[in-house]
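Below is one structure, written out as structure tokens; the observations come after it.
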Amino acid sequence: MSDTQQRNEQHSLSMMYGTYADILFVLFPFLVITMQRLWDGNLAEILMRPDLSIAAAILAGLAIGKFVLGLVSNRDLGRFKERIVFFIALTLFVVLGPAIILMLSIVGDSEVPEFVAFVQPVLLIIAISLYTTAISISNILTREEPGNTEAGGAGGLNDTATASASHEPLAIPRRSGSDTV
């Protein structure tokens, strides 16, 4: 295994640990709430409360943020822009919208339908999947790899400069001397 492959594998492993650490930090307060309900003997009510929908909405929001970060960090995406926008729309349509509707419905209604006990865990699983996908896409698009640019160069001095310049997020154009406020 070459040194570059080993570094890429190590980076992927670190990224995976970081991603799941983020997910665990988001889910930790909900674990505490679940343990308190278990202590009180209300284990059956866990799936009928809006907690899982709140966790799914948080993870969906984080996923959308990572998708947008990947979208704005690399200007030379070409046909991949539509795919990232599709994932943003998918996250809004499949997770964030239903999670917010479920939260409001559960809090506002005295009797919660039984299908909520099935839908909320599914939303959470989809939100976790979309978040891990968003992290992967964002890291792939923002990773600097000298010698491996979109132009397909030989890894010379110009390719390294192009790789660093193309990953500058949200570059604001400088004013010329003739511009006045």
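The values are calculated or read from the model by the stated rules, or taken from the named source; none is laboratory data. Since this is a predicted model, take the numbers as computed values, not measurements. Glycine also receives a Cβ, built like all others from the backbone with ideal geometry; neighbour counts cover every protein chain displayed. Areas reflect the complete protein model, heavy atoms only, side chains present, ligands, DNA and RNA absent. Shrake-Rupley method; radii C 1.70, N 1.55, O 1.52, S 1.80 Å.
Dipole size in debye (nearest 20) for segment 1-126 around its Cα centre, Lys and Arg Cβ +1, Asp and Glu Cβ -1? Working shown, then result.
On the way: 8 positive and 11 negative charges, 112 e Å.
Using Cβ point charges on Lys, Arg, Asp and Glu, segment 1-126 gives about 540 debye.
Quote to one decimal, in nm, the extra length available between A44 and A117 on full extension: 0.36 nm per residue of separation minus the C-alpha distance between them.
25.3 nm
Dipole magnitude of segment 35-89 about its Cα centre, charges +1 at Lys/Arg Cβ and -1 at Asp/Glu Cβ only, in debye to the nearest 20? Walk me through the numbers before you get to the answer.
Details: 7 positive and 5 negative charges, 73 e Å.
Rounded to the nearest 20 debye, it is 360 debye.
Once the dipole of segment 51-106 is set up with Lys and Arg at +1 and Asp and Glu at -1 on Cβ about the Cα centre, which of L77, V94, A56 lies farthest towards its positive end?
L77
Can you check how the C-alpha radius of gyration of segment 1-62 compares to 2.2 N^0.38 Å, as a plain ratio?
Numbers: Rg = 17.5 Å, N = 62, 2.2 N^0.38 = 10.6 Å.
My calculation over the Cα atoms of segment 1-62 gives 1.66.
Got a sec? What order do S110, S138 fall in by accessible area at 1.4 Å, biggest, i.e. largest, first? It would help to have the intermediate numbers written out before the result.
Numbers: S110 120, S138 5 Å².
So, going from the largest accessible area down, we get S110, S138.
Which ³J(HN,Hα) values in Hz, rounded to whole numbers, follow from the phi angles of segment 6-13 under the Karplus curve 6.51 cos²θ - 1.76 cosθ + 1.60, where θ = phi - 60° and Gly and Pro get x?
These are the phi-based 3J(HN,Hα) values: 5, 5, 5, 5, 5, 5, 5, 5 Hz.
Can you pull the accessible area of D109 for me, 1.4 Å probe, Å² to the nearest 10?
So the heavy atoms of D109 present about 80 Å² to solvent.
Does anything in segment 75-117 have its amide N under 16 Å from the 7 Å Cα→Cβ label point of I140, and if so which residues?
Flagged as within label range: 75-88.
Which whole-number value in Å³ per residue fits the convex hull of the alpha carbons of segment 1-147?
Values: hull volume 18.7 nm³, N = 147.
In segment 1-147, the Cα hull volume divided by residue count equals 127 Å³.
Students often check this: by mean Cβ neighbours within 10 Å, which of 101-108, 79-86 ranks highest, and how do the rest follow? Show your work: numbers first, answer last.
Details: 101-108: 14.2, 79-86: 12.6.
Highest mean packing first, the order is 101-108, 79-86.
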